[in-house]
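Here the structure is laid out as structure tokens; the discussion comes afterwards.
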Amino acid sequence: MPAVHQIIVGASRRDAITNMALAMRDSLRTRYKSEVYSFHLPDESVIDEVIPLEKLSWGKTNDVLVYHSSFGIPRLTSMLQARSEKLAMVYHNITPSSYYLGNDPEFAAALQWGRHELSLLQPLVSAAFADSRFNAEDLAQYGYTDIVQLAAGVNPFRLKYEPTDSRLIGELHSHFPDGFILAVSQVIPHKRMELAIEAVHLLRTVHRLDIGLVIAGPQRNVRYARDLAKLRSRLPEANVLMMGETTESQLATLYRTCALYFGTSDHEGLAVPPLEAMAAGAPVVIRGVGAVPETVGDVALVASPEASLCELTEMLHAVLTNKKLRAALVMRGREHVRNFYSQDTTQVFLQRINELTS
Amino acid sequence: MKQVEIEQLMADIQDTIARRRAAGEYPAGLEQELEAEFASILALTHRGEADRADALELLLAQAKRCAPEVSGLTPTSSRVPFLNILHKIMRRLIARQTRGLAAQQRAVNDQLIAMLEHLVADARGREDADGRMVAKLSKHVLDRVAVVDHLYFIVAELETRLRKFEAGQ
């Protein structure tokens, strides 16, 4: 039986790419030997499911390595170049390094290497996948052809059976008795969390709405987190709660109890949190950048990437105060994610892998 | 939602914004002011420079860490055989004096730390006040620019009316 193993850069249950890889592994195991390997040591949440990359043994020439590209690590690039297995790539997009040149040059260099790596690996890749049209177009610029566009392994309903954290509900109610807006993302510069803080500041000061903001996600960039803390101190009206990294149960609770989900990012290869928010019944307001418009369709209130802060604030205000609009967004959102999930993308993925192994 | 409904909603939103701007609920330069506020915060980060308050806070943390370590006792180990015994004897002989000196030094350190704490709070307050002042001044400048803009349109309208009036004459 040939082996089809996947390689990811880092692994955590809260990471969308890890979840996608694990879901794809389950499908691959119906026909192949299949494991998920991580370059960085896997987080405790997936320690039993993901294996450190150093333990990957040499494979045969008809085996396949599926590499999930989202970052650049020179050591990993040379390791992939030296392997004898066939190589498949799933492209999740690489954030433009310009966001990090100023405040995290090492991270910026890794992102730049990621894009360089796309060119280096292109001659070796036998099958290319991209999880959105936006990503497929981006990948095509590096000479890749026959890119299969599919969001294999994305399950917006993954939190459906997570228990609600009643203690967190109590805390949220004491912080925000009249509700809160939710932003879910790593707290890094290109996610533009300052826009969410400023918009909530305007909702509270101009519209006199007693609404709060919860930002849920790990603070991966110390300087940016400090900048946001300063902004919060200068806009005390904004009423923000930075949750940091959450458990799955806490995240499910936040989606279920928020007044709406707000996406402010400048760059998205595939936006999973708004889909998860829709699956939990939250209306979505989001900036239409990268793959966002194709991912959320017309069931979210999508702002143009150039939308001003006042426009974003008014859109939030409309969803918060117009019951008919809210109901339409919630109902259509659920339907949209149901359709999204019902597309059997893993079968398309398996079929392409079969062609490589046969 | 149909595309038409979304387009209608977005058009309504644009109307609301225009109405609120005219009513002064979204004052002239509001967005630029908020943008400038965050840009000024980011600018410090991007240059890799620590704030004065941050630098003082770092010194304070180091001072707090080192201050309790002043004990008045020095190590007695030596590479020369048996010299450690001499060091031990000497340390015992003068321990009363060195411990006294150390206590005095710790008292001075406590005063210095208290002074640094005041300086950090002062620098933090000043930085915030400076930031607020810059934001306030920028807002005034943008308000004036908006007034000039408004005056320009009034003058242009007056000129048009005057031309029509002259043509009628």
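Consider A:Leu168 carefully, then state whether it is away from chain B (no Cβ under 14 Å), crowded, with 22+ Cβ neighbours inside 10 Å and in a helix (DSSP H, G or I). Against the criterion (away from chain B (no Cβ under 14 Å), crowded, with 22+ Cβ neighbours inside 10 Å and in a helix (DSSP H, G or I)), A:Leu168 does not qualify. Just wondering, is there one or more residues in the stretch A:115-123 that are among the hydrophobic types (A, V, I, L, M, F, W, C), in contact with a Pro (Cβ under 7 Å, 6 or more places away or on another chain) and either farther than 27 Å from A:Ser342 by Cα or not in a loop (DSSP other than H, G, I, E, B) (or both)? Within the stretch A:115-123 (the criterion being among the hydrophobic types (A, V, I, L, M, F, W, C), in contact with a Pro (Cβ under 7 Å, 6 or more places away or on another chain) and either farther than 27 Å from A:Ser342 by Cα or not in a loop (DSSP other than H, G, I, E, B) (or both)), the answer is no, since none of the residues qualifies.
Taken together, the criteria place A:Val302 among residues that are without any contact (Cβ under 8 Å) to a residue 24 or more places away in the chain, aliphatic (A, V, I, L, M), assigned by TED's automatic domain parsing to the domain that holds A:Ser185 and not in a helix (DSSP H, G or I).
Name the single residue, out of those in the stretch A:124-157 being acidic (Asp, Glu) and assigned to a loop (DSSP other than H, G, I, E, B), that is surrounded by the most Cβ atoms within 10 Å (Cβ to Cβ). Per the stated criteria, the residue is A:Asp131. Sub-9 Å Cβ pairs linking a first residue in the stretch B:86-115 that is on the phi < 0 side of the Ramachandran plot to a second residue that is of a type in the set (Ser, Thr, Tyr) and in a helix (DSSP H, G or I), at least 6 apart or interchain, are B:Arg91/B:Thr98, ordered by first then second residue. Given the criteria at pLDDT 80 or above, more than 22 Å from the chain's Cα centre (by Cα) and buried (at least 16 other Cβ atoms within 10 Å of the Cβ), does B:Gly24 qualify? No; evaluated as a whole, the condition is false for this residue. Each residue in the stretch B:1-42 was checked for being closer than 24 Å to A:Asp227 by Cβ and more than 7 Å from chain A (Cβ to nearest Cβ), and 8 pass. Out of A:Leu312, A:Leu320, one residue alone is closer than 22 Å to A:Leu203 by Cβ, within 12 Å of chain B (Cβ to nearest Cβ) and either among the basic types (Lys, Arg) or touching a residue at least 40 places away in the same chain (Cβ under 8 Å) (or both). It is A:Leu312. Taken over the stretch A:224-264, the criterion of being out of contact with any strand residue (DSSP E or B) (no Cβ under 7 Å at 6 or more places or on another chain), hydrophobic (A, V, I, L, M, F, W, C) and more than 24 Å from A:Gly102 (Cα to Cα) is satisfied by A:Leu235, A:Ala252. Among residues of the stretch A:232-271 being within 14 Å of chain B (Cβ to nearest Cβ) and at pLDDT 90 or above, the one that is surrounded by the fewest Cβ atoms within 10 Å (Cβ to Cβ) is A:Asp266. The number of residues in the stretch A:110-143 being in contact (Cβ under 8 Å) with a residue 40 or more places away in the chain and of a type outside the set (A, V, I, L, M, F, W, C) comes to 11. Annotation: A:Asp298 fulfils all but one of (1) under 23 Å from the mean Cα position of the chain (by Cα); (2) charged (D, E, K, R); (3) modelled with pLDDT of 90 or more; the unmet one is (3). Count, please, the residues in the stretch B:113-139 that happen to be closer than 20 Å to A:Pro236 by Cβ and β-branched (Val, Ile, Thr). Matching residues across the stretch B:113-139 total 1.
Residue pairs whose Cβ atoms lie under 7 Å apart, separated by 6 or more positions or on different chains, with the first residue in the stretch A:251-271 and part of a strand (DSSP E or B) and the second among the charged types (D, E, K, R), are A:Gly263/A:Arg287. Within the stretch B:120-138, the set of residues being within 12 Å of chain A (Cβ to nearest Cβ) and under 18 Å from B:Leu56 (Cα atoms) comprises B:Arg124, B:Gly125, B:Glu127, B:Asp128, B:Ala129, B:Asp130. For the stretch A:185-217, the set of residues classified as assigned to a loop (DSSP other than H, G, I, E, B) and under 17 Å from A:Glu268 (Cα atoms) consists of A:Ser185, A:Gln186, A:Val187, A:Ile188, A:Arg192, A:Gly217, listed by residue number.
The values are calculated or read from the model by the stated rules, or taken from the named source; none is laboratory data. Because the structure is predicted, anything quoted here is derived from the model rather than measured. Positions of Cβ are backbone-derived with ideal geometry, glycine not excepted, and every protein chain shown enters the neighbour counts.
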